[in-house]
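Below is one structure; the comments refer to it alone.
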Amino acid sequence: MPRPYWKGTLKLSLVMCPVALYPASSTMERTRFHMINTETGNRLKQQMVDAETGDVVEGEQKGRGYEVSKGSYVPVDKDELDAVQLESNHTIDIDNFVPRDEIDRRYLDHPYYMVPDGKAGIEAFAVIRDAMKDQDRVALGRVVLANRERTVTIEPLGKGLLATTLRYAGEVRDEADYFDKIKTPRTSKDMIDLAVHILDSKASHFNPEKFKDKYETALRALVKRKASGKTIKQPEPEERPDNVINLMDALKQSLKGRASSSRATRRSRTTSSRRTAKKSGRATARHRKAS
């Protein structure tokens, strides 16, 4: 198990228990590249350079600054930043509970697994978790992560809790800035009905195991071929279809193609079942004859 990202106390009124947070997602398995010198094959390292003089800046000369006007910065050192540390940096205070369906998905940020930290608080952790299971509500709390106070949702997940940081209102862009200019054309009922049929034919269930990162697979294949000394050939560019289409024809063809695909799938399953039945029948006959 990786090291916890945060450790502290979960507090519900006077009920408290020590907890730890672990990131619920990771990008560590993605293929990553390093910058190298193509002549020597050696890895490159980055250096901080003064934008005006071009001189390399050493570690003890590096600092933070806030730009108050073009090219003018107010320097802020580490001690000054430490002075604004929040007192709640080791406690998650549950402020209230809100209906789950009231939380706009655009505000959901990073998920974390919350687990009891040590044996001392397991009972209190279980009480808080189980009390929330029968409620269609999620807890809202506050926690300091990376020196920033974040609002988090907390909800039961299996034996543990799922904590998800929320974006602030100022971090979520207003959809009106993007949607207001979309025109509203007249659409016929027949077109809508055809589109609904296509949607119904594609009805399924959410299964993340079916989602494959094709780009990641291609990258790994490329690196493997390159490492074995094979030549990498540039693929032929795909022909782009014409953008000018008749919408009604496209809807009808989509529905027809979906129906043909469904019939082919059913025929394949029927043929497979018949083959299995025949094999089973032949095996049974051989067994009887041998007996």
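Since every read-out is calculated from the coordinates, none of them should be taken as a lab result. Just so you know, these numbers come straight off a predicted model, no measurement behind them. Heads up, the Cβs are rebuilt from the backbone with ideal geometry, glycines too, and the neighbour counts pull from every protein chain shown.
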Seminar exercise, completed: Computed ³J(HN,Hα) along region 16-28: with the Karplus parameters 6.51/-1.76/1.60, θ = phi - 60°, integer Hz and x for glycine or proline, the list is 9, 8, x, 9, 9, 10, 10, x, 8, 9, 8, 10, 5
Problem set entry | More than 22 angstrom apart: percent of Cα pairs within region 20-106 | 68
Exercise. Within a Cβ distance under 13 Å of R105, other residues only, what is the Lys/Arg minus Asp/Glu net charge?
Worked result: -2
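What FRET efficiency comes out for the pair T38/F211, r = Cβ-Cβ distance, R0 = 41 Å, nearest 0.05? All intermediate terms of the calculation are to be shown ahead of the outcome.
Working: r = 35 Å, r/R0 = 0.85.
It comes out at approximately 0.70.
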Seminar exercise, completed: For region 158-168, in residue order, the Karplus 3J(HN,Hα) values (coefficients 6.51, -1.76, 1.60; θ = phi - 60°; whole Hz; Gly and Pro = x) are x, 7, x, 10, 10, 10, 10, 5, 10, 6, 7
Seminar exercise, completed: Other residues with Cβ under 12 Å from the Cβ of L10 give, with Lys and Arg +1 and Asp and Glu -1, a net charge of +2
Exercise. Expressed as a whole number of Å, what is the distance separating the alpha-carbon centroids of region 75-152 and region 178-233?
Worked result: 35
Problem set entry | All-pairs Cα distance distribution in region 59-156, expressed in whole percent, bin size 10 Å | 12, 32, 26, 17, 11, 2
Seminar exercise, completed: With T = 37 °C, eta = 0.692 mPa s and Kirkwood Rh from C-alpha pairs, the Stokes-Einstein D of region 156-213 in µm²/s is about 193
Seminar exercise, completed: Quick shape check on region 1-62: root eigenvalues a ≥ b ≥ c of the Cα gyration tensor, a/c under 1.5 is rounded, otherwise prolate if a/b tops b/c, else oblate, and it reads oblate
